[in-house]
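Enquirer: Have a look at this one.
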Amino acid sequence: MTYRRFAVYYTPSDAGLAGFGAKWLGWDIAAGRSVPQPSPAGLPAPLAGITAGARPYGFHATLKPPFRLAPGQTAEMLDATLARLAEQMPPHPVEGLRPARLGGFLALVPQGETAPLNGLAAMIVETLDSFRAPPDEAELARRRASRLSPAQETLLARWGYPYVMGEFRFHMTLTGHLPGAHLPAVEAVLTRELAGVLPARVAIDGLSLVGEDAGGRFHLLRRHPLTL
């Protein structure tokens, strides 16, 4: 399969959490296939619509945002570099995850200290930057339509994405952007459905190379455990 963009994700090694995310979103990024979604009671709209914006990306946390390969770079070279990085880094423990509202969507966010995660993401963004082709004018216009702050505009110009480095926030997206009136009900359902699924503690224990197919769906290509 040919991939038009690549990214570095965290994808959970916990089978229960990974399985929940795949079913909730309707896309199993590891298997590269659609899966039937549940129909939990209490939602203000069908789950397929609630999750439409998040579905193509799969259940994940972004560490290096999607990018096209620069001339002269290959997926094999990117994967080899990512493997070497993973060998040099230890797992990062997190004091659990919780559902939260981030603007107009819902995601799982870490509890406790997040500075080590922020540093991990910043290091990956910087170290792999030579693999990234600059965004084209259409991509820049799409990002700027979100009314970026001056800091975000600077990050977009330097790193090709406005929500990295100081603007980064680790999160695992579970919905698309929702009407404000829908957020409380969806958050309540998510909290209920996640009971017994969320591990008490989570380790950010791997770097996942993912690729975007021609239809816009992301696939897990290889997961490199953090092994130091």
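Enquirer: Considering only residues that are among the aliphatic types (A, V, I, L, M) and assigned to a strand (DSSP E or B), look in segment 6-50 and name the one that is nearest to Gly216 (Cα to Cα).
Expert: Our first condition is that a residue be among the aliphatic types (A, V, I, L, M); within segment 6-50, this holds for 7-8, 15, 17-18, 22, 25, 29-31, 35, 41, 43, 45, 47-48, 50.
If we keep only those that are assigned to a strand (DSSP E or B) as well, we get 7-8.
Details: Ala7: 13, Val8: 16 Å.
Looking at the filtered set, the residue picked out is Ala7.
Enquirer: Just checking, which of Val202, Val189 is surrounded by 15 or more Cβ atoms within 10 Å (Cβ to Cβ), in contact with a strand residue (DSSP E or B) (Cβ under 6 Å, 6 or more places away or on another chain) and β-branched (Val, Ile, Thr)? Before the answer, list the steps.
Expert: Numbers: Val189 fails: in contact with a strand residue (DSSP E or B) (Cβ under 6 Å, 6 or more places away or on another chain).
Being surrounded by 15 or more Cβ atoms within 10 Å (Cβ to Cβ), in contact with a strand residue (DSSP E or B) (Cβ under 6 Å, 6 or more places away or on another chain) and β-branched (Val, Ile, Thr) holds for just one of Val202, Val189, which is Val202.
Enquirer: For segment 114-141, name all the residues that are over 19 Å from the mean Cα position of the chain (by Cα) and without any contact (Cβ under 8 Å) to a residue 12 or more places away in the chain.
Expert: Asp136, Glu137, Ala138, Ala141
Enquirer: Could you say which residue among Ala80, Ala138 is at pLDDT below 95 and either out of contact with any strand residue (DSSP E or B) (no Cβ under 9 Å at 6 or more places or on another chain) or over 21 Å from Leu209 (Cα atoms) (or both)?
Expert: Residue meeting the stated conditions: Ala138.
Enquirer: Every residue in segment 114-140 that is in a helix (DSSP H, G or I) and among the small types (Gly, Ala, Ser), please.
Expert: Hits for segment 114-140 are Ala115, Gly119, Ala121, Ala122, Ser130, Ala138.
Enquirer: Separate question: Right, Phe168: within 28 Å of Gln111 (Cα to Cα), modelled with pLDDT of 95 or more and not hydroxyl-bearing (Ser, Thr, Tyr) or not? Quick ask: steps written out before the conclusion?
Expert: Details: within 28 Å of Gln111 (Cα to Cα): yes; modelled with pLDDT of 95 or more: yes; not hydroxyl-bearing (Ser, Thr, Tyr): yes.
So Phe168 fits the description; yes.
Enquirer: Which of (1) in contact with a Gly (Cβ under 9 Å, 6 or more places away or on another chain); (2) modelled with pLDDT under 95; (3) β-branched (Val, Ile, Thr) does Ile204 not meet, given it meets every other one?
Expert: (1)
Enquirer: Among the residues in segment 51-70, are any surrounded by 15 or more Cβ atoms within 10 Å (Cβ to Cβ), in a helix (DSSP H, G or I), at pLDDT 95 or above and among the hydrophobic types (A, V, I, L, M, F, W, C)?
Expert: no
The values are calculated or read from the model by the stated rules, or taken from the named source; none is laboratory data. None of these values were measured; they are calculated from a predicted model. Heads up, the Cβs are rebuilt from the backbone with ideal geometry, glycines too, and the neighbour counts pull from every protein chain shown.
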